[in-house]
Amino acid sequence: MDVSEDLGTALMLENDRVRIWEHRVPAGSTGPMHLHRRPYFSVVVRGSSGDTVDADGKALEHFTLEPGTALWIGSETLPQTHALHNTGDDEILIVTTELR
């Protein structure tokens, strides 16, 4: 399975300080496998529930999403390799800001 450092489905902004990604995952689908090397935060725009999964599709964590929630991931838990599986009935849209 290919693993990318592209943290979303579209790069919105990149400069010497941040990369900002839009990450969309349709209901019932799994997004691309990706690798986080740097601290980041994600803001939930839309969605209800999902799993982070490993390269074999095994669920690492199940979570409930609430639009407007911000999630911080610091260097103490990195690197991380996973994909986002949408277990809800609506599209997941998350905006992730990676700190450089």
Highest-MSF residue in the chain out of Asp51, Asp89, Asp16 [GNM, Cα springs under 10 Å]: Asp16
Sum of side-chain charges, Pro67 neighbourhood, beta-carbon under 13 Å (Lys, Arg +1; Asp, Glu -1): -2
In debye to the nearest 20, the charge dipole size for the chain, taken about the Cα centre with +1 at each Lys and Arg Cβ and -1 at each Asp and Glu Cβ, equals 280 debye
The chain: relative contact order from alpha carbon pairs under 8 Å, six or more residues apart, as a whole percent, is 40 percent
Tell me, what is the Rg over Rh of the chain, with Rh the Kirkwood radius over Cα pairs? 0.93
Can you work out the FRET efficiency for the pair Thr77 and Val43, with r the C-beta to C-beta distance and R0 = 30 Å, to the nearest 0.05? 0.95
The extension gain from Met12 to Ala70, computed as 0.36 nm times the residue separation minus the Cα-Cα distance, is 19.1 nm
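No lab work stands behind these numbers, since they all come straight from the coordinates. Since the structure is predicted, the reported quantities are computational estimates derived from the model, not experimental observations. With ideal geometry, Cβ positions are generated from the backbone for all residues, glycine too; neighbour counts draw on all protein chains shown.
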